[in-house]
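**Q** The structure's right below; bear with me while I get my questions together.
The values are calculated or read from the model by the stated rules, or taken from the named source; none is laboratory data. It should be emphasised that the depicted structure is a prediction, and the values quoted were computed from it without experimental measurement. Heads up, the Cβs are rebuilt from the backbone with ideal geometry, glycines too, and the neighbour counts pull from every protein chain shown.
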Amino acid sequence: MNEPTTLLIVDDDQHIRQLIRTSLDNGRRTIREAGTARDGLHQVIGTQPHILLVDIGLPGLFDGFSLCEALTNDPLHRKIKIIVVSGHSDPEDIERAKRLGIAAYVVKPFSPHELSRLVDDIEIDIRTMPVLKS
């Protein structure tokens, strides 16, 4: 993968989106933002991000978990690495995220440095993913 990594941040709190953006903007990534799960879904369809950072506690019936489920159940988007960044630390939420195959679960408040390291590690996995061609 030679193109820049595309990240999509989906959170209804503009300040959190800005904190995540500032933490992860290394000048070599394309970073997009959405304030709702529906807007996030539209951006996923339009931009095909490599990594999605999503708050599960988004308002509305189509919340962060709904977005995660839609993506993990869709073969076209299943390869997107999803990181939940949420104020919810209920064991049920964490277990649900595991069942969906979420790459990581980060509880707010979080360390921007640790989040950056986590994304770096996931990005390395994406870049070194073997590709089989027939």
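**Q** Could you tell me whether region 53-72 includes any residue that is among the polar types (S, T, N, Q), assigned to a helix (DSSP H, G or I) and closer than 16 Å to ARG99 by Cβ?
**A** yes
**Q** If you check ILE94 against the conditions, is it in contact with a Leu (Cβ under 6 Å, 6 or more places away or on another chain), at pLDDT 95 or above and either over 16 Å from LEU52 (Cα atoms) or not in a helix (DSSP H, G or I) (or both)?
**A** no
**Q** Looking at region 69-93, which of the residues that are closer than 14 Å to ALA34 by Cβ and more than 10 Å from the chain's Cα centre (by Cα) is surrounded by the most Cβ atoms within 10 Å (Cβ to Cβ)?
**A** Only one residue tops the list, namely LEU71.
**Q** Please work out if ASP125 is in a helix (DSSP H, G or I), over 14 Å from the mean Cα position of the chain (by Cα) and at pLDDT below 95. Reasoning before the result, please.
**A** Details: in a helix (DSSP H, G or I): yes; over 14 Å from the mean Cα position of the chain (by Cα): yes; at pLDDT below 95: yes.
Yes; evaluated as a whole, the condition is true for this residue.
**Q** Sort out which residues of region 47-89 are more than 14 Å from VAL10 (Cα to Cα) and among the hydroxyl-bearing types (Ser, Thr, Tyr), and write them in order of number.
**A** THR72, SER89 - these are the residues of region 47-89 that are more than 14 Å from VAL10 (Cα to Cα) and among the hydroxyl-bearing types (Ser, Thr, Tyr).
**Q** Now a separate question. Taking region 5-20, which residues are more than 15 Å from GLY40 (Cα to Cα) and either in contact with a helix residue (DSSP H, G or I) (Cβ under 6 Å, 6 or more places away or on another chain) or at pLDDT below 95 (or both)?
**A** Of everything in region 5-20, just one residue is more than 15 Å from GLY40 (Cα to Cα) and either in contact with a helix residue (DSSP H, G or I) (Cβ under 6 Å, 6 or more places away or on another chain) or at pLDDT below 95 (or both), namely THR5.
**Q** Within region 75-91, which residues are part of a strand (DSSP E or B) and closer than 16 Å to ILE122 by Cβ?
**A** Of everything in region 75-91, those that are part of a strand (DSSP E or B) and closer than 16 Å to ILE122 by Cβ turn out to be LYS81, ILE82, ILE83, VAL84, VAL85.
**Q** Looking at region 97-120 only, could you name the residues that are crowded, with 17+ Cβ neighbours inside 10 Å and in a helix (DSSP H, G or I)?
**A** Result: ALA97, LEU115, LEU118, VAL119.
**Q** From the set of residues in region 1-44 that are among the polar types (S, T, N, Q) and part of a helix (DSSP H, G or I), which is nearest to the chain's Cα centre (by Cα)?
**A** GLN43
**Q** Moving to a separate point now. Just the residues that are surrounded by 16 or more Cβ atoms within 10 Å (Cβ to Cβ), among the hydroxyl-bearing types (Ser, Thr, Tyr) and over 16 Å from CYS68 (Cα atoms), please, taken from region 18-51.
**A** SER23
**Q** Which of the residues that make up region 62-116 are among the charged types (D, E, K, R) and in contact (Cβ under 8 Å) with a residue 60 or more places away in the chain?
**A** Once the filter is applied, which keeps residues that are among the charged types (D, E, K, R) and in contact (Cβ under 8 Å) with a residue 60 or more places away in the chain, region 62-116 yields only LYS108.
**Q** Do we have SER66 as surrounded by 15 or more Cβ atoms within 10 Å (Cβ to Cβ), within 16 Å of GLY35 (Cα to Cα) and among the small types (Gly, Ala, Ser) here?
**A** yes
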